[in-house]
1. I'd like to know if region 131-147 contains one or more residues that are open to solvent by 50 Å² or more (accessible area, probe 1.4 Å) and part of a loop (DSSP other than H, G, I, E, B).
2. Within region 9-38, how many residues are part of a loop (DSSP other than H, G, I, E, B) and either within 7 Å of the ligand (Cβ to nearest atom) or small (G, A, S) (or both)?
3. Is one or more of the residues making up region 43-56 surrounded by 16 or more Cβ atoms within 10 Å (Cβ to Cβ) and closer than 26 Å to S153 by Cβ?
4. Of everything in region 73-132, what is polar (S, T, N, Q) and more than 16 Å from the ligand (Cβ to nearest atom)? Give them in sequence order.
5. Does A165 qualify as being closer than 17 Å to L201 by Cα and of a type in the set (A, V, I, L, M, F, W, C)?
6. List the residue pairs whose Cβ atoms are under 6 Å apart, where the first residue sits in region 27-52 and is farther than 23 Å from S225 by Cα, the second is part of a helix (DSSP H, G or I), and the two are 6 or more positions apart or on different chains.
7. Counting only residues that are assigned to a helix (DSSP H, G or I) and surrounded by 12 or more Cβ atoms within 10 Å (Cβ to Cβ), how many does region 198-212 have?
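The values are calculated or read from the model by the stated rules, or taken from the named source; none is laboratory data. Everything quoted here is computed from the prediction, not taken from an experiment. With ideal geometry, Cβ positions are generated from the backbone for all residues, glycine too; neighbour counts draw on all protein chains shown. Heavy atoms of the whole protein, side chains included, go into the accessibility calculation; ligands, DNA and RNA do not. Shrake-Rupley method; radii C 1.70, N 1.55, O 1.52, S 1.80 Å.
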Amino acid sequence: MSKVALITGASRGIGKSIAMELAKSGIGVAINYNKSEERAKELLCEIKRLSSNSNIYKADVSNETEVTEMVHNIESELGNIDILVNNAGISQIGLFTEMTLFDINRMIGVNLIGAMNASKAVLPSMIHYKRGNIINISSIWGEAGASCEVVYSAAKAGLIGFTKALAKEVGPSGIRVNCISPGVIDTEMNSGLSKAEMNELTDGISLCRIGTPEDIAKAVKFLISDDSSYITGHILSVNGGMNI
Ligand code: NAP
């Protein structure tokens with residue numbers, strides 16, 4: 001029986017790339033989406049050719065009830081979840097003093113509580129079988145902090161603390177918990193940045209290029225492989241040397 005991975009926010013961007021990479025290894029993929037149903041369906045068509053034990057699942061990760069129901073459906077349709085990638089995320093640029101409580105709750109809700117909801121839902125089965133891999137997608141701004149992305153930075157820093165603490169708690173149950181901290185990656189999340197702003201960001205990257213979603217997908221593949229079997233609680237920066 002092949003492994004099953006739940007990737008949150010897999011309808012596009014980094015999550016889509018992770019889904020493709022894992023499907024190439026024959027892993028069954030549960031593609032979670034919230035709004036982009038058509039794109040999730042298109043991705044499923046591609047994925048099915050690589051890994052037939054795959055499907056799409058709608059849930060807002062910030063909603064505990066929806067996440068619990070989604071995990072229940074995945075477990076009964078695809079099998080127990082061996083790998084969880086907490087990738088779903090949103091960013092909002094603006095001065096901290098201009099963020100409303102709604103903005104703050106939404107950003108913490110999706111980026112941080114979303115990862116907690118999904119982890120809580122998959123852990124009972126992982127603990128029962130004494131195996132599992134959880135990967136949290138944080139951000140360079142969770143490590144370094146970004147002006148005009150204060151709430152996003154706080155949520156992503158929270159994911160780093162969550163990774164380290166959960167790794168300690170569930171390590172004795174044979175479960176590894178790691179985190180990837182991407183730098184600037186070419187996805188719709190950065191579509192609001194002008195060419196000049198992107199060039200300026202590139203100037204600060206040692207490897208002189210913006211990252212691709214595939215750069216992150218390959219790091220996920222490593223962290224769920226046997227090659228990293230003694231690595232847990234680790235924060236892997238994948239940023240081309242932007243933050244050394
Ligand atoms: P993206 O292209 O904007 O895609 C975001 C994904 O998250 C979409 O699939 C979206 O699904 C999903 N999503 C958003 N809200 C959701 C919710 N409430 N429930 C479920 N899914 C939800 O962003 P990306 O660049 O691929 O980012 C992926 C992750 O990497 C995020 O956690 C982001 O913070 C992190 N990251 C990105 C960068 C970067 O430079 N791009 C850098 C560092 C970290 P729907 O469209 O279906 O709603």
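1. Initial filter on region 131-147 (open to solvent by 50 Å² or more (accessible area, probe 1.4 Å)): 131, 141, 143-144, 147.
From the residues that got through so far, the ones that are part of a loop (DSSP other than H, G, I, E, B) too are 131, 147.
There is at least one residue in region 131-147 that is open to solvent by 50 Å² or more (accessible area, probe 1.4 Å) and part of a loop (DSSP other than H, G, I, E, B).
2. 9
3. Checking region 43-56: not a single residue is surrounded by 16 or more Cβ atoms within 10 Å (Cβ to Cβ) and closer than 26 Å to S153 by Cβ.
4. Here is the first cut: in region 73-132, the ones polar (S, T, N, Q) are 73, 76, 80, 86-87, 91-92, 97, 100, 105, 111, 117, 119, 125.
Once the filter is applied, which keeps residues that are polar (S, T, N, Q) and more than 16 Å from the ligand (Cβ to nearest atom), region 73-132 yields S76, N80, T97, T100, S125.
5. So A165 fails the test.
6. Matching pairs, first to second residue: Y33/A40; L43/K16.
7. Residues that pass the stated criteria total 3.
Conditions (1) under 11 Å from V151 (Cβ atoms); (2) surrounded by 15 or more Cβ atoms within 10 Å (Cβ to Cβ); (3) modelled with pLDDT under 95, marked per residue:
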| position | (1), (2), (3) |
| --- | --- |
| E37 | no, no, no |
| V71 | no, yes, no |
| A88 | no, yes, no |
| F96 | yes, no, no |
| R106 | yes, yes, no |
